[in-house]
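The values are calculated or read from the model by the stated rules, or taken from the named source; none is laboratory data. Just so it is clear, the model here is predicted, and its values are computed rather than measured. Positions of Cβ are backbone-derived with ideal geometry, glycine not excepted, and every protein chain shown enters the neighbour counts. The area values use the complete protein model at the heavy-atom level, side chains included, leaving out ligands, DNA and RNA. Shrake-Rupley method; radii C 1.70, N 1.55, O 1.52, S 1.80 Å.
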Amino acid sequence: MNDANVQDATDDIAHIREAVRALCAGFPGEYWRELDRERAYPTRFVQALTDAGFLAALIPEEYGGSGLTMRAAAAIMEEIQASGCNGAACHAQMYIMGTVLRHGSAAQKARWLPGIARGELRLQAFGVTEPTSGTDTLSLRTTAARDGEHYVVNGQKIWTSRAEHSDLMLLLARTTPREQAAKRTEGLSVLLVDMRDAKGKGLTIRPIRTLMNHATTEVFFDDMRVPAENLIGEEGMGFRYILSGMNAERILIAAECIGDAKWFIEKASAYARERVVFGRPIGKNQGVQFPIARAYAQMRAAELMVHEAAALYEAGRDCGAEANMAKLLAADASWAAGDMCVQTFGGFGFAEDFDIERKLRETRLYQVAPISTNLILSYLAEHTLGLPRSY
Ligand SMILES: Cc1cc2nc3c(=O)[nH]c(=O)nc-3n(C[C@H](O)[C@H](O)[C@H](O)COP(=O)(O)OP(=O)(O)OC[C@H]3O[C@@H](n4cnc5c(N)ncnc54)[C@H](O)[C@@H]3O)c2cc1C
């Protein structure tokens, strides 16, 4: 990119940020508080984002998407969170399709991507984690056995978020028994499951109530039949396909954490300027202003790493370490900013009406999902620092 193009890209992103902010202004705290109480899905918000085309940001124009860059997509997620909204209800619509885009056949792309781009088809469910295997994905037990023109799927997934609000699920299942696979990382395959066909015919979805409003579920497969034509890529190579999508997921979720941190910092700064105790604004005390300044510095440092990871991703370069570090640092920054915000507000930080406790619960997730902090540290230790693998 030459300087003029860089400026264009920056201007475009500034416009996108403004447009997202304007949309989010229609979904204030009361909207989210009510949903949070009921643990209900933000249907109206997701529809508005879909109609505005934001969730199709990363789908190329030839399939009806906006063909935007990773930096633009990250800006969308960041602004949603910085506006006090919660993009977790739909962020997956942005990146799960990447597996179909990168590894699907021409026919599969033509069949699925335009509908996903238009928002008529929701691909928001990602079935990887299982109750017994946890982070050790290669130990997963759900099987998909070939039977003529179908795969027959049996097993269970857990934490399959948004399954009740999605038409399609990207599923990772074992197609070759572990002991018969040529390599440890082979024998798993990716299937695109049309849940509209499968519900009640071998597919059962049960919601899990969680700390925050997240529409997550456990999913049971009992002889669920999936057309063999829905196999993405080559049979047995699915683990590699899932891994290749993880950098995008990490960068986008890191951007969400930056948005959360900005929201907390903005709230705390405004309150510290206005709240008068002992006859002066609390923000006049260094004991109050320093934690806010520290949270700001921590957020800005993490933001740089998010930008670096996104730039490497866009350039088609390896960004495994940067995407992981961005997620680690941004999740730490948002949690630290949330903690600081509660402290700045004192008792009011605990009151529902201020949204701080809700945002704190929402941002806590990112220390654990989609990958936990420990596993990122293990990745860096092994792959970046050349330390022995610890597990
Ligand atoms: C609300 C929510 C939504 C989610 N959405 C999805 C989804 O849509 N799709 C999906 O597939 N998954 C989803 N997940 C699952 C999520 O990715 C996992 O919870 C996460 O990867 C951690 O796996 P686990 O819960 O099985 O923890 P475990 O693997 O059981 O680990 C438990 C703890 O032990 C630590 N640990 C484990 N092994 C090691 C080790 N070798 N070294 C150091 N520490 C270790 C972990 O860091 C963790 O803190 C979601 C989870 C939640 C809570």
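Test of understanding: among ARG361, ARG389, ARG317, which residue is part of a helix (DSSP H, G or I) and basic (Lys, Arg)? Even if it seems obvious, please write down each step before you answer.
On the way: ARG389 fails: part of a helix (DSSP H, G or I); ARG317 fails: part of a helix (DSSP H, G or I).
None of the others qualify; the one that does is ARG361.
Within segment 106-129, one or more residues are within 12 Å of the ligand (Cβ to nearest atom), in contact with a Leu (Cβ under 9 Å, 6 or more places away or on another chain) and over 16 Å from MET195 (Cβ atoms).
Residues in segment 341-358 that are surrounded by 15 or more Cβ atoms within 10 Å (Cβ to Cβ) and either β-branched (Val, Ile, Thr) or away from the ligand (no atom under 15 Å from the Cβ) (or both): CYS341, VAL342, THR344, PHE345, GLY349, PHE354, ASP355, ILE356, GLU357.
In segment 127-189, counting only strands (runs of 3 or more DSSP E) that sit wholly within it, the ones holding 1 or more residues that are modelled with pLDDT of 95 or more, touching a helix residue (DSSP H, G or I) at 6+ places or on another chain (Cβ under 8 Å) and open to solvent by less than 20 Å² (accessible area, probe 1.4 Å) span 150-158, 168-174. Among the residues making up segment 368-378, those that are in contact with a helix residue (DSSP H, G or I) (Cβ under 8 Å, 6 or more places away or on another chain) and either touching a residue at least 60 places away in the same chain (Cβ under 8 Å) or crowded, with 17+ Cβ neighbours inside 10 Å (or both) are PRO370, ILE371, ILE376.
Name every residue in segment 161-174 that is more than 20 Å from GLY98 (Cβ to Cβ) and either without any contact (Cβ under 8 Å) to a residue 60 or more places away in the chain or away from the ligand (no atom under 13 Å from the Cβ) (or both), in order of residue number.
Restricting attention to segment 161-174, the residues satisfying the condition of being more than 20 Å from GLY98 (Cβ to Cβ) are 164, 174.
Across segment 161-174, the qualifying residue is only ARG174.
Checking ILE158 against (1) within 17 Å of MET237 (Cα to Cα); (2) within 16 Å of the ligand (Cβ to nearest atom): exactly one of these is not met. Which one? It fails just one condition, (1).
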